[in-house]
Amino acid sequence: MLKRFFIICSGADQDILGGCSNGEQTKYVGIGATVFFTAIMALIASSYALYTVFDSLYPAVFFGAIWALLIFNLDRFIVSTIRKRDRFGREFLQATPRILLAVIIAIVISKPLEIKIFEKEINTVLLKEKNAMALQNKKEVANYFKSDLDKNKVEVDQLKLEIVNKEKEVNTYYDTYIAEAEGTAGTKKLGKGPVFKEKIAKHDLAKAELDSLQSKNLSKIAQLDKAATALQTDLDKKVNESQPIIDGFDGLMARINALDKLPWLPSFFIMLLFLAIETSPIIAKLLSPKGEYDFKIEDQETALQATIEQDKYQRELLVKTSAAMHDKIYEDLAKDKSIYDLQRKNATELLKLQSNNFLEKQKQTL
């Protein structure tokens, strides 16, 4: 049962191979088994690759199975269409397009498995890239809000500076009237004279202006602080909204790019392994000597070709002979007087009918 299944996988003619030796059948069982297990590897590789896309097992396995069947059919077609020739060069030339196709299939199959084998190393590369992207994203968002935050900060600093300057002015007036009262400056007269009252009046006026300025500016500062808090909240919100996108940066393309950043040699040898697996049925077919099955296939094909060429020649000869016979027959008939008289009589009748018909049409137009 298993032997017959692998023979089917090899694409060989079961009826012809059934009449061959056990050794010949074993060769094609091996070729069929290689084709089958290549398809199994394609199923595993494509299912994993698609799982990274869909994040769901069932769609990944379903489409992976379709891909594996496609690979199986291609491999089976490639192996079954290679014919053993008398010269290796002709065989290799015939197999060259198939080998190129096998190389493409091997690369496609091996890449997802490379991603799985080096998953931990790829995750490390992706983590570094995600961290760099997160920092860059935060920087870009901060730059987007920077102008508004800077403008807000400048306004707050300006309002605080106005209060500080006014406080300095009030303190200056305070020191002036205290010095006047103590007699250490100004008129240098001890006591609260007219100059003292004038200076303390200026201080009280400046203090009232300071209180008014503080009340007004602190209210504005509170509003600006509230606006700055809102801007910072928006900034954090933007960063948090974009973070899941960065965290989800681990799809198939991202992993392939991350794989390219790892040392190439291990990945290259894995690809060579799958290339060897994929091309092994073709190489085995090319290197194997011409066997009993190949002779029988060649005999069947040449017999069919000879029959087709013979039928084609006979049809062409029949057409030529029939044409020559008809030419001879019509040549003989042309010399027969009775047939000539009959044709003359019929032609005369036809001309009479055409003339009468033309006359009737002319009458209708008048």
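The values are calculated or read from the model by the stated rules, or taken from the named source; none is laboratory data. Everything numeric in this text was worked out from a predicted model, so none of it was measured. Neighbour counts run over all protein chains shown; Cβ positions are idealised from the backbone, glycine included.
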Name the pairs: first residue in the range 121-133 and closer than 11 Å to LEU262 by Cα, second residue surrounded by 17 or more Cβ atoms within 10 Å (Cβ to Cβ) and at pLDDT below 85, Cβ to Cβ under 7 Å, at least 6 apart or on different chains? ILE122/ILE115; ILE122/ARG255; ILE122/ALA258; ILE122/LEU259; VAL125/ALA258
Checking SER46 against (1) without any contact (Cβ under 8 Å) to a residue 24 or more places away in the chain; (2) more than 13 Å from ILE283 (Cα to Cα); (3) among the polar types (S, T, N, Q), which single condition isn't satisfied? (1)
Does ALA12 satisfy the criteria of being touching a helix residue (DSSP H, G or I) at 6+ places or on another chain (Cβ under 7 Å), among the aliphatic types (A, V, I, L, M), surrounded by 20 or more Cβ atoms within 10 Å (Cβ to Cβ) and within 17 Å of THR81 (Cα to Cα)? yes
Output the residue which, of all residues in the range 1-40 that are within 30 Å of VAL61 (Cα to Cα), small (Gly, Ala, Ser) and part of a helix (DSSP H, G or I), is farthest from the chain's Cα centre (by Cα). GLY30
I'd like to check something: does the range 63-72 contain any residue that is among the β-branched types (Val, Ile, Thr), modelled with pLDDT of 80 or more and not assigned by TED's automatic domain parsing to the domain that holds ALA208? yes
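Condition check ((1) closer than 30 Å to GLU129 by Cβ; (2) small (Gly, Ala, Ser); (3) at pLDDT 80 or above) across all residues:
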residue: ALA258; (1), (2), (3): yes, yes, yes
residue: TRP264; (1), (2), (3): yes, no, no
residue: SER280; (1), (2), (3): no, yes, no
residue: GLN314; (1), (2), (3): no, no, yes
Given the conditions (1) free of Cβ contacts under 8 Å to residues at least 12 places away in the same chain; (2) surrounded by 10 or more Cβ atoms within 10 Å (Cβ to Cβ); (3) not small (Gly, Ala, Ser), which single one is not true for GLU331? (2)
Answer yes if at least one residue in the range 92-112 is at pLDDT 80 or above, surrounded by 15 or more Cβ atoms within 10 Å (Cβ to Cβ), more than 22 Å from ASN257 (Cβ to Cβ) and not aliphatic (A, V, I, L, M), and no otherwise. no
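Please verify whether the range 243-252 includes one or more residues that are within 28 Å of ILE40 (Cβ to Cβ) and among the hydrophobic types (A, V, I, L, M, F, W, C).
For the range 243-252, residues within 28 Å of ILE40 (Cβ to Cβ) and among the hydrophobic types (A, V, I, L, M, F, W, C): present.
Scan the range 125-143 for residues that are surrounded by 13 or more Cβ atoms within 10 Å (Cβ to Cβ) and not basic (Lys, Arg) and jot them down.
Narrowing the range 125-143 to residues surrounded by 13 or more Cβ atoms within 10 Å (Cβ to Cβ): 125-126, 129-130, 133-134, 137-138, 141-142.
Once the filter is applied, which keeps residues that are surrounded by 13 or more Cβ atoms within 10 Å (Cβ to Cβ) and not basic (Lys, Arg), the range 125-143 yields VAL125, LEU126, GLU129, MET133, ALA134, ASN137, VAL141, ALA142.
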